[in-house]
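The structure under discussion appears below in the form of structure tokens.
The values are calculated or read from the model by the stated rules, or taken from the named source; none is laboratory data. Just so it is clear, the structure is predicted and the values come from calculations on it, not from any experiment. Cβ placement follows ideal geometry from the backbone for every residue including glycine, while neighbour counts extend to all protein chains displayed. Accessible surface areas use protein heavy atoms only, side chains included; no ligands, DNA or RNA. Shrake-Rupley method; radii C 1.70, N 1.55, O 1.52, S 1.80 Å.
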Amino acid sequence: MIELRTPAEIEEMRPAGRFVASVLEATAKAARVGVNLLELDALAHDMIRKAGAESCYIDYHPSFGASPFGKVLCTSVNDAVLHGLPHDYTIKDGDLVSLDFAASVNGWVADSAISVVVGTPRDEDLRLIDTTRRALDAGIAAARAGNRIGDISRAIADVAREQGYTINTDFGGHGVGRTMHGDPHIPNSGRPGRGLPLRPGLVVAIEPWFLQTTDRIFTDPDGWTLRSADGSRGAHSEHTIAITDGDPIVLTARD
């Protein structure tokens, strides 16, 4: 079911957006050589506790997950791109780390993701991350009342294909509100002018994610982490936004 939020409700969602942004800023800053993924999860968990927020992940058990997620932060490293289950792994120089975080504050959810290179970067990793960020910006720019879901999808795909990346549409953006995942689904490729009309009050997460040399993925034995089929690296950028009568509001904007 598609739900539209009133201007007052969108204002009520801002604290969740600010909190999610603050956790991603803190965990991205803490992601350094020698830091364990479990330490990043613990940092996010501590921030949730201090803020009186609620995790959207720890009890999350959709049909594609092997069990409840059990952690509060997704940590995807190198060839992992989505749903990375934090585990006993120490970050190394040159690792590409994607962090995805969603939480509920006062009953409203926000969802966002960021990818960073720790230590010495590879040019191809920086290009991949930059492409996801520019695709996210393009998708947000297309998220205007009067457009359709396909316009967002096409804007994202145009940026990716310009850089030579292929696109997986199994996972993409989604509605956000009282829960983390709702309608509509927003694939990262589509036809302009097609799909659900965008109306003021629609709140969605837009999330381009790309792999360097494939669009095929498989699930890690941990039952959660999604990895590239050919071992190439992935990157992921995401914001929760609200569609208005004018410019979209980026609820998870970071400083």
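Being open to solvent by less than 10 Å² (accessible area, probe 1.4 Å) and closer than 22 Å to ARG233 by Cβ, is that true of even one residue in the range 42-65? No, the range 42-65 contains no residue that is open to solvent by less than 10 Å² (accessible area, probe 1.4 Å) and closer than 22 Å to ARG233 by Cβ.
Going by the conditions given, is VAL33 β-branched (Val, Ile, Thr) and open to solvent by less than 30 Å² (accessible area, probe 1.4 Å)?
Working: β-branched (Val, Ile, Thr): yes; open to solvent by less than 30 Å² (accessible area, probe 1.4 Å): no.
In short, no.
Being under 22 Å from ILE241 (Cβ atoms), hydroxyl-bearing (Ser, Thr, Tyr), in a loop (DSSP other than H, G, I, E, B) and touching a strand residue (DSSP E or B) at 6+ places or on another chain (Cβ under 8 Å), is that true of even one residue in the range 83-98?
Step one: of the range 83-98, the residues under 22 Å from ILE241 (Cβ atoms) are 83, 98.
Add one more test, that the residue is hydroxyl-bearing (Ser, Thr, Tyr), and what stays is 98.
Checking which are in a loop (DSSP other than H, G, I, E, B) leaves us with none.
No.
For VAL20, the conditions (1) open to solvent by 10 Å² or more (accessible area, probe 1.4 Å); (2) under 24 Å from GLY175 (Cα atoms) are fulfilled apart from (1). I'd like to check something: does the range 176-196 contain any residue that is part of a loop (DSSP other than H, G, I, E, B), touching a Pro at 6+ places or on another chain (Cβ under 6 Å) and over 28 Å from GLY107 (Cβ atoms)? Yes, some residue in the range 176-196 is part of a loop (DSSP other than H, G, I, E, B), touching a Pro at 6+ places or on another chain (Cβ under 6 Å) and over 28 Å from GLY107 (Cβ atoms). The set of residues in the range 27-48 being aliphatic (A, V, I, L, M), closer than 16 Å to SER115 by Cβ and free of Cβ contacts under 8 Å to residues at least 24 places away in the same chain consists of ALA30 alone.
When we screen THR179, THR240, THR214, THR219 for residues that are buried (at least 23 other Cβ atoms within 10 Å of the Cβ) and at pLDDT 95 or above, the only hit is THR240.
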